[in-house]
Amino acid sequence: MERYARGEDRVFEQLYGLLAPRLYRFCLRLATSVVEADDCFQETFLKLHRARATYATGANPLHWAFAIARSVYLTRLRYWRRRPEQLGATRDIAEAGDLQAHDTTPEAEVAAQHLHDTLAFELSRMSEKNRIAYVLLKEENLSAREAAAVLGTSVEVVKQRAHRAYQSLKSALSSAGWSEYGNPV
Amino acid sequence: MATPSDRPSDWLYARIRSAIANTPAATTRTRTRILVALAVVPALTTTVVFIASDWVYGQPAAGLGIDVASPGSAMTILALLVGLALSSTLFALWQARGGLGIAATSLISIAALVVPVYAALTVLQPLHSGAADDVAFTGVAISPWGWRCIFIATIVGASTLAIFAVALRRAVPVAGALRGAALGAAAGAWGGVAVFAFCPSGDLQHLLVGHVLPIALFTVLGAVALTRALQP
């Protein structure tokens, strides 16, 4: 990232290879559809490119990219809230998971898909603030301090939001007949 | 656990590559811009004070010379005010180790505390007795509303805020409004330094409206006007 920030365009492919998988997964979690996630992802890289000279040497580029992605998402959200439009059905993240495995029974695969759908639906339903706090702490394994820096808030607030998200997921799993450890009750 | 759909497609990469190839990017590092801002702002403040004071009172830094019982007190308060402006500037501009700026609570502290600290230093125990508010004392009519001071604080504050905006352009992906408020407070603090050095008034209304109020207004202005400019 430091080399790219200094203007070495030829390292972009390498940088993309390092950032893209986790950043894309983060965008999928931010957005409620794959199309929206793609747009968010593309715009994030564009902004990252335009703002590359502002990269602080030694900073974690992935956390910086997360912060930009969230900023992009919130800007788009505010834009579309002012201009609501009816969109056709799109693939959502619940459909995007591929849970095919060759060493499980069909019943287990259906159960796993149901668990996946339940979690994905509940994540998409909850507020963006709680969802992102949960994603950063539990899925991206950031520390509370790092997540607070990405979100521009305090450590306590991040923990509270993640806790609320966790409680929502636990409640949703329970309602759907799962224990909090992913086992059927 | 990553699944195939968690990876961006090749056509998405091609789209991004093409968009980036057609998008210019600045090359001046933020650190350089911050250093330039830190050099220019004090120089700008000093220049405005000297020019304005010479024009109105016929002497440089009239606020430090006219109706001052103790020159030592004047320099002490000036040093504290410069310290306030400088420290709030450094913290508001600082990118911090993560590159995402200092914590939100610190930004709130800067935005909230600059005004009361400035007021405590200059209004609670004014440096001037109020003698200069009589036109016969200096030959200059000083408005109880502090119009000249508001003008000078605006010149310095607005210029400083613009310099800060250029320094941190596209460098603040989080807490843009809070950062803007902190930068506004810091810019207002420099305006406050300028009017303190310029103005010999000891009138309470004048100090509150002409010296303290502009800092509060710049804090709000920073929060409102800078957010977009600071975002990547």
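The values are calculated or read from the model by the stated rules, or taken from the named source; none is laboratory data. None of these values were measured; they are calculated from a predicted model. Quick reminder, even Gly has a Cβ in these numbers, built from the backbone with ideal geometry, and neighbours come from all protein chains shown. All accessible areas refer to the heavy atoms of the entire protein, side chains included, with ligands and DNA or RNA removed. Shrake-Rupley method; radii C 1.70, N 1.55, O 1.52, S 1.80 Å.
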Legend entry - Helix runs (DSSP H) in chain B reaching 30 Å along axis by Cα, Kyte-Doolittle at least -0.5: B:30-57, B:71-93, B:176-198
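Just the accessible area per residue of the protein assembly as shown, please: how many Å² with a 1.4 Å probe? Walk me through the intermediate numbers first.
Details: 20060 Å² over 417 residues.
In whole numbers, the protein assembly as shown has 48 Å² accessible per residue.
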Legend entry - Percent of C-alpha pairs per 10 Å bin, the protein assembly as shown, short to long: 5, 20, 23, 19, 14, 10, 6, 3, 1, 0
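Mind grabbing the interface size between A and B? I mean buried accessible area, both sides, 1.4 Å probe, in Å² to the nearest hundred. Write down the numbers at each step before the final one.
Values: alone 11200 and 12280 Å², together 20060 Å².
Result for this pair: about 3400 Å² buried.
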Inset, instruction - Tell me the chymotrypsin sites (Phe, Trp or Tyr not before Pro) within region B:21-59 that lie in a loop according to DSSP and have at most 11 other beta-carbon atoms within 10 Å. - result: none
Inset, instruction - Assuming 1.567 mPa s and 4 °C, estimate D for region A:36-87 with Stokes-Einstein, Rh taken as the Kirkwood radius over Cα pairs, in µm²/s. - result: 108
Inset, instruction - May I ask which residue of B:V166, B:L113, B:H128 lies farthest towards the positive end of the charge dipole of region B:51-176, with charges of +1 (Lys, Arg) and -1 (Asp, Glu) on Cβ and the Cα centre as origin? - result: B:V166
Inset, instruction - Straight distance only, please: which lysines reach the Cα of A:K138 with their own Cα at less than 23 Å, same-chain residues fewer than 8 apart left out? - result: A:K129, A:K159, A:K170
Inset, instruction - Using a 10 angstrom cutoff on alpha carbons, build the Gaussian network for chain B and name the most mobile of B:T160, B:T219, B:T32. - result: B:T32
Legend entry - With DNA, RNA and ligands ignored, accessible area of A:S127 (1.4 Å probe; Å², nearest 10): 60
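Which semi-axis lengths, in whole Å and largest first, follow from the square roots of five times the eigenvalues of the Cα gyration tensor of region B:27-230? Please list the in-between numbers first.
Values: eigenvalues 199, 49, 39 Å².
With the √(5λ) rule applied to region B:27-230, the semi-axes are 32, 16, 14 Å.
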Legend entry - Backbone HN-Hα couplings from phi across region A:41-57 [Karplus 6.51/-1.76/1.60, Hz, Gly and Pro as x]: 5, 5, 5, 4, 5, 5, 5, 4, 5, 5, 9, 4, 5, 8, 4, 8, 3
Inset, instruction - DSSP loop (so not H, G, I, E, B), at most 16 other Cβ within 10 Å: list which chymotrypsin sites (Phe, Trp or Tyr not before Pro) in region B:131-232 pass both filters. - result: B:W145
Legend entry - Test item: Cα-centred dipole of the protein assembly as shown, Lys/Arg +1 and Asp/Glu -1 on Cβ, debye: 500
Legend entry - Convex hull volume per residue for region B:1-56, taking Cα atoms only, in Å³: 172
Legend entry - Zero-based 10 Å bins, Cα pair distances in region B:136-232, whole percents: 19, 42, 24, 12, 3, 0
Legend entry - Interatomic Cα distance distribution for region B:41-151, bins of 10 angstrom, percent: 12, 36, 32, 14, 6, 1
Inset, instruction - In whole Å, largest first, what are the principal axis extents of the Cα atoms in region B:187-232? - result: 44, 18, 8
Legend entry - Projected area, mean over directions - region B:154-195, Cα convex hull, nm²: 2.6
